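Values in this text are rule-based calculations from the coordinates and carry no lab data. Predicted model only: the values in this text are computed from it and were never measured. Cβ placement follows ideal geometry from the backbone for every residue including glycine, while neighbour counts extend to all protein chains displayed.
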Amino acid sequence: MIDTPTLDGKYLGTISADFVKVADTLREASYHLRKQGEYAYPIFVMAPVPLSIGALLIDKNAAADNQWYYYAAYLDALVQAGLIAADKTTAFQEAYKDPNEFCCLLVVDNDFTNFVYMPYPVDEGVMG
């Protein structure tokens, strides 16, 4: 897969609109993956069509008005699948944003493949 450097506004809008609907589920899944200890770098693969990467977490057909499928994965699994080069893991770890604040998404759509960090919505009821 080719990592494309730019994300146009229309794409970002589609991703953002869908992400808002599933953010709480992804945040919870990220927490549980990290809690297990072996999965320090959760990555959620999102695609408009079914893929065989990671474990299906959210089926776009089961969710209200979703345009994307979401799969739970983690750094080592994507290295083993050849989606992240083994010699790039340190660079990935250094670039990885705080998983309590950001969701790491691997967007896969036709000729477009890119990592995107989306901030989780702020819960107005939580002081912090």
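Restricting the search to segment 32-79, which residues are touching a residue at least 40 places away in the same chain (Cβ under 8 Å), at negative phi and not hydrophobic (A, V, I, L, M, F, W, C)? Once the filter is applied, which keeps residues that are touching a residue at least 40 places away in the same chain (Cβ under 8 Å), at negative phi and not hydrophobic (A, V, I, L, M, F, W, C), segment 32-79 yields ARG34, TYR41, PRO42, PRO48, ASN66, GLN67, TYR70, TYR74.
If I filter segment 96-105 down to residues being touching a Pro at 6+ places or on another chain (Cβ under 7 Å) and not in a loop (DSSP other than H, G, I, E, B), which single residue comes out as surrounded by the most Cβ atoms within 10 Å (Cβ to Cβ)?
Step by step, filter segment 96-105, then rank; the result is CYS104.
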